[in-house]
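Below is one structure; the comments refer to it alone.
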Amino acid sequence: MRRFRLRSARVSPPSYVGPERRRTPRYYVQLPIESSHGIGTTIDVGEDGVRFESTTVSTTGGADLRLVFRHVGGDHTHIDVTGDVVRVEESGETFHVALRVDEIHVN
């Protein structure tokens, strides 16, 4: 019985992963979000930032943005996150937005 993976069975990290410069861990989860610019889905979240994708983003780097996570954990908890847009990358018809978190409010 083998206790290791063969090299061909390893999964490569996503292309956007580079040298780690974050101060807090980042978790790769998909959660629905809402903002004044539309709806989207998170790519990864952490204490200091959120990266999400959306087809309806109309904001640029440096803008203030408020995200709402609804029904987190299966209940009616809402999490409001506000912060500054660090980067917006276009990928076909989808936008990847990186947000530096300033405040987190749990309702």
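Some points to look at:
- Selection within segment 26-53 - in a loop (DSSP other than H, G, I, E, B) and acidic (Asp, Glu): 47, 48
- Here the condition is being surrounded by 13 or more Cβ atoms within 10 Å (Cβ to Cβ), at pLDDT below 85, over 11 Å from the mean Cα position of the chain (by Cα) and not small (Gly, Ala, Ser); of 57, 68, 81, 85, it holds for 57 alone.
- Residue 100 meets each of the listed conditions (1) over 19 Å from residue 25 (Cα atoms); (2) touching a Gly at 6+ places or on another chain (Cβ under 9 Å); (3) open to solvent by 70 Å² or more (accessible area, probe 1.4 Å); (4) not acidic (Asp, Glu) apart from (1).
- Subset of segment 1-47 that is out of contact with any Ser or Thr (no Cβ under 6 Å at 6 or more places or on another chain) and among the polar types (S, T, N, Q) - its residue that is modelled with the lowest pLDDT: 8
The values are calculated or read from the model by the stated rules, or taken from the named source; none is laboratory data. Keep in mind that what you see is a predicted model, and the values were worked out from it rather than measured. So basically every Cβ, Gly included, is an ideal-geometry build from the backbone, and we count neighbours across all protein chains shown. Each accessible area value is taken on the protein alone, full model and side chains, heavy atoms only, with ligands, DNA and RNA left out. Shrake-Rupley method; radii C 1.70, N 1.55, O 1.52, S 1.80 Å.
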